[in-house]
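The structure under discussion appears below in the form of structure tokens.
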Amino acid sequence: METLIGLLRPRSPVRNIGPASAACALALATEASDFEGLASVAERFSREYLHCRGARLQLNDAGACSRLREVRLDQEEWVVPLADGRAGLHLMLEANEATGRTWSDQDCAWIDLVDQRLAEILRFQDRDEEIAAARYNEHLQRALYTIADLSYADISVPEMLARVHEVVGTLTYAENFYVALYDDILDVVYFPYYAGIDDPDNSTASTHLKARDYPNSLTFAVVHSGKSLLGPSAELRASLGMFPDERLGPECVDWLGVPMLEGDRVRGTVVIQSYDEKRRYSEADRALLTFVAQQTLSAVTRKQAHDRLEHEVRRRTAELAETNRTLREEVRERQRGQRLQAALFRIAELAGGHGSIGAFFSGVHEVVSELLNARNFFIALVSADGSELSFPYFVDEHDRPLQTRRLTNGITEWVLQQKRPLLATRTRIRTLAEEQGLLVFGTLPKCWLGVPLLLDEHAVGVMVVQSYDAEDDYGPAEQEILQFASLHIATALERKQAQDRLRRAYSELERRVEERTEELRLANQDLREQIQVREMTESLLKHETLHDALTGLPNRTSLLERLRVVLSRYRKDPSRLFAVLFLDLDRFKVVNDSVGHLLGDELLIEAGQRISGCVGSNGLISRLGGDEFTILLEDIRGVEDACQLARRVLNVLVDPIRLGDKEIYSSASIGIAL
């Protein structure tokens with residue numbers, strides 16, 4: 001029997017004895033492409049050459065099989081360990097076969113080939129499993145990068161979470177998925193995103209729920225405990241002492257919720273649900289969703305901070321836009337004032353000239369034409385006795401100059417009597433004609449604007465512009481301009497009085513222009529200051545985002561951004577080596593607890609400064625948090641460069657650090673990744 005045991009054990013190199021080995025080699029080459037085929041060949045050869053009643057090839061789940069063993073007395077089952085004990089060939093031999101027959105290598109040498117082929121198949125399976133695991137890890141890494149990148153996308157938080165839902169759906173079953181953010185002060189959850197068959201119209205999204213109103217909610221159970229839950233929803237509620245609640249939707253086959261943690265603080269939860277018996281969740285899904293939840297929280301936090309910043313920028317931009325609009329209005333007002341000022345100068349020059357009254361009126365027409373449409377323009381004056389109306393200046397596209405007439409019920413006389421301007425369209429003129437019996441001399445215009453020429457509240461004439469093209473040629477602005485001009489035109493009839501009035505008007509206008517100019521200068525100065533403040537704020541926010549608030553060193557985000565650049569450069573040029581040194585201050589917690597957090601912070605600041613002094617221009621030191629620092633060393637020759645830097649860092653930390661009246665001795669533990 002001992003001889004049989006020795007013959008059955010597989011050997012390496014393989015025994016190449018007899019026809020059985022040759023037949024086995026052929027069978028393995030043609031039939032044993034996988035484990036099932038190999039098992040079939042092994043079982044067949046066991047019956048044929050070892051005369052077994054039965055045989056089976058079986059993988060071992062509980063470690064290697066190191067020896068043959070007997071199972072029953074009336075029937076012996078021999079187990080041949082194969083592939084270093086990872087499998088066993090179970091042989092069922094009659095007792096007389098095992099002891100009463102003479103065995104040789106020719107009977108058992110084929111086992112060597114089976115052992116060799118099994119080892120190859122298992123190696124291939126191991127490789128395939130490693131490849132599958134690597135692919136899954138790569139897919140998971142890409143998914144997490146995608147989630148991290150979403151926080152910088154120009155989309156809203158619900159849109160970002162919808163993208164996160166899509167990413168999670170590529171990793172596990174997530175048809176029913178929602179994210180709840182938790183306010184631990186108000187004890188309220190908010191659902192920025194909700195997708196599930198229990199809410200097909202997405203009405204739960206953007207809903208706020210109070211904990212006291214939903215005592216049987218698994219969502220609140222997660223955020224209150226800070227622990228994940230996995231299992232059928234009904235069983236989870238029963239285990240937590242909760243009761244069914246129709247408001248929470250139908251019970252699901254599997255419910256998986258994990259908290260989103262920020263340190264010890266619960267900020268929300270991510271939940272996936274399954275209503276399909278064939279789709280259940282495992283501990284691997286729990287671990288996956290836990291990791292995804294933290295990435296999602298980071299993305300949501302960054303997105304919310306980014307949205308708040310954008311909101312503030314939009315608010316400030318709106319304020320600047322409003323200020324700019326006000327400035328433009330003031331500029332337009334100034335330009336309008338300048339045009340009116342120019343018109344005033346021209347009218348003053350005309351009034352002070354020695355030309356005829358006709359030349360004066362012609363010059364006035366030119367000035368008015370620069371301010372508005374005055375192709376059809378005339379001036380009417382009342383006679384000294386107030387009985388007649390003359391037209392010393394008349395320019396019209398359709399009618400000849402009007403002759404002097406006695407005052408009657410005309411539209412021009414209406415302005416004289418009312419002593420106020422009249423802006424009328426063709427429709428209104430017809431209405432006035434019907435209601436008040438006004439007369440229209442000449443062609444009926446589409447738009448008519450007349451202003452009185454007043455001297456000491458006495459109407460001495462009328463200045464009129466009219467349009468035959470459109471009813472909206474004139475409006476309140478044109479009326480104001482023409483009315484302004486009429487005041488100075490009327491003064492020409494009383495030159496002495498007009499000169500005095502003109503000087504006062506000019507002085508007043510000059511003062512107003514200077515005030516507006518000063519206001520504009522101050523507004524421009526304020527605008528520049530606001531822009532400078534905004535630029536400084538944006539720069540400060542960017543610096544705070546990438547640097548640690550305590551030490552002023554780059555933070556984890558800055559390190560990751562630089563590390564991505566270095567990795568990309570290394571993939572393109574493997575000769576550009578780099579190393580990452582992870583540094584942890586020894587006994588920091590003891591020091592922090594003994595001397596206080598303030599001195600502990602000073603210790604971190606001093607340690608960061610000393611470490612920074614050891615890092616050259618090709619290195620980046622960052623603080624990850626707590627007493628953890630990281631040094632990214634670029635363009636090194638090899639691991640010795642990193643070791644030299646580590647020694648320098650350890651040396652500078654040997655000297656005691658004086659904090660107030662205390663001397664603190666500290667050292668560090670450094671890990672190097674090349």
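The values are calculated or read from the model by the stated rules, or taken from the named source; none is laboratory data. Please read these numbers as outputs of a predicted model, since none were measured by experiment. Ideal geometry is used to build each Cβ from the backbone, glycine not excepted, and the neighbour counts take in all protein chains shown.
Of the conditions (1) surrounded by 13 or more Cβ atoms within 10 Å (Cβ to Cβ); (2) under 26 Å from the mean Cα position of the chain (by Cα), Arg142 clears all except one; give me its number.
(1)
Under 7 Å by Cβ, and 6 or more places apart or on different chains, what pairs join a residue from segment 454-469 that is more than 11 Å from Ile379 (Cβ to Cβ) and assigned by TED's automatic domain parsing to the domain that holds Ile379 with one that is of a type in the set (Ser, Thr, Tyr) and surrounded by 19 or more Cβ atoms within 10 Å (Cβ to Cβ)?
Ser467/Tyr474
Hey, which of the helices (runs of 4 or more DSSP H) in segment 555-674, taking only ones fully inside, have at least 1 residues that are surrounded by fewer than 17 Cβ atoms within 10 Å (Cβ to Cβ), over 33 Å from the mean Cα position of the chain (by Cα) and aliphatic (A, V, I, L, M)?
It comes to 588-595, 597-614, 639-652.
Let's see how each residue does on (1) surrounded by 13 or more Cβ atoms within 10 Å (Cβ to Cβ); (2) modelled with pLDDT under 90; (3) in contact with a Phe, Trp or Tyr (Cβ under 6 Å, 6 or more places away or on another chain):
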{"site": "Tyr194", "(1), (2), (3)": "yes, yes, yes"}
{"site": "Asp201", "(1), (2), (3)": "no, yes, no"}
{"site": "Ser206", "(1), (2), (3)": "no, yes, no"}
{"site": "Thr219", "(1), (2), (3)": "yes, no, no"}
{"site": "His224", "(1), (2), (3)": "yes, no, no"}
{"site": "Ser228", "(1), (2), (3)": "yes, no, no"}
{"site": "Pro232", "(1), (2), (3)": "yes, no, no"}
{"site": "Leu248", "(1), (2), (3)": "yes, yes, no"}
{"site": "Val258", "(1), (2), (3)": "yes, no, no"}
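Would you check if Glu319 is without any contact (Cβ under 8 Å) to a residue 12 or more places away in the chain, of a type in the set (D, E, K, R) and over 30 Å from Phe360 (Cα atoms)?
No.
Let me confirm something: among Leu261, Leu297, which residue is among the hydrophobic types (A, V, I, L, M, F, W, C) and outside the structural domain of Ser225 (by TED's automatic domain parsing)?
Leu297
Out of Glu544, Glu561, Glu634, report the one residue that is touching a helix residue (DSSP H, G or I) at 6+ places or on another chain (Cβ under 8 Å), among the charged types (D, E, K, R) and without any contact (Cβ under 8 Å) to a residue 24 or more places away in the chain.
One residue alone meets the criteria, Glu561.
Quick one: is Ala485 within 22 Å of Leu340 (Cα to Cα), surrounded by fewer than 16 Cβ atoms within 10 Å (Cβ to Cβ), modelled with pLDDT under 85 and assigned by TED's automatic domain parsing to the domain that holds Ala348?
In short, no.
Is there a residue being at pLDDT 90 or above, within 60 Å of the chain's Cα centre (by Cα) and not aliphatic (A, V, I, L, M) anywhere in segment 378-398?
no
Suppose the filter is under 16 Å from Glu663 (Cα atoms), assigned by TED's automatic domain parsing to the domain that holds Arg647 and of a type outside the set (S, T, N, Q); does Arg610 pass it?
For Arg610, the condition - under 16 Å from Glu663 (Cα atoms), assigned by TED's automatic domain parsing to the domain that holds Arg647 and of a type outside the set (S, T, N, Q) - is met.
When both residues are 6+ apart or on different chains and their Cβ atoms are under 6 Å apart, which pairs have a first residue that lies in segment 657-674 and is at pLDDT below 75, and a second that is surrounded by 13 or more Cβ atoms within 10 Å (Cβ to Cβ) and of a type in the set (Asp, Glu)?
Leu659/Glu602
Yes/no per residue for (1) in a helix (DSSP H, G or I); (2) modelled with pLDDT of 90 or more; (3) within 23 Å of Thr537 (Cα to Cα):
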position	(1), (2), (3)
Leu289	yes, no, no
Ala293	yes, no, no
Leu297	yes, no, no
Val300	yes, no, yes
Ala305	yes, no, yes
Leu309	yes, no, yes
Arg314	yes, no, yes
Leu320	yes, yes, yes
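Checking Phe177 against (1) within 12 Å of the chain's Cα centre (by Cα); (2) under 13 Å from Tyr193 (Cβ atoms), only one condition comes out false. Which one?
Result: Phe177 fails condition (1) only.
Would you be able to tell me the number of residues in segment 109-146 that are touching a helix residue (DSSP H, G or I) at 6+ places or on another chain (Cβ under 7 Å), assigned by TED's automatic domain parsing to the domain that holds Ala83 and either assigned to a helix (DSSP H, G or I) or over 30 Å from Gly18 (Cβ atoms) (or both)?
Here the count works out to 7.
Just checking, how many residues over segment 423-452 are in contact with a helix residue (DSSP H, G or I) (Cβ under 8 Å, 6 or more places away or on another chain) and over 23 Å from Arg400 (Cβ atoms)?
5
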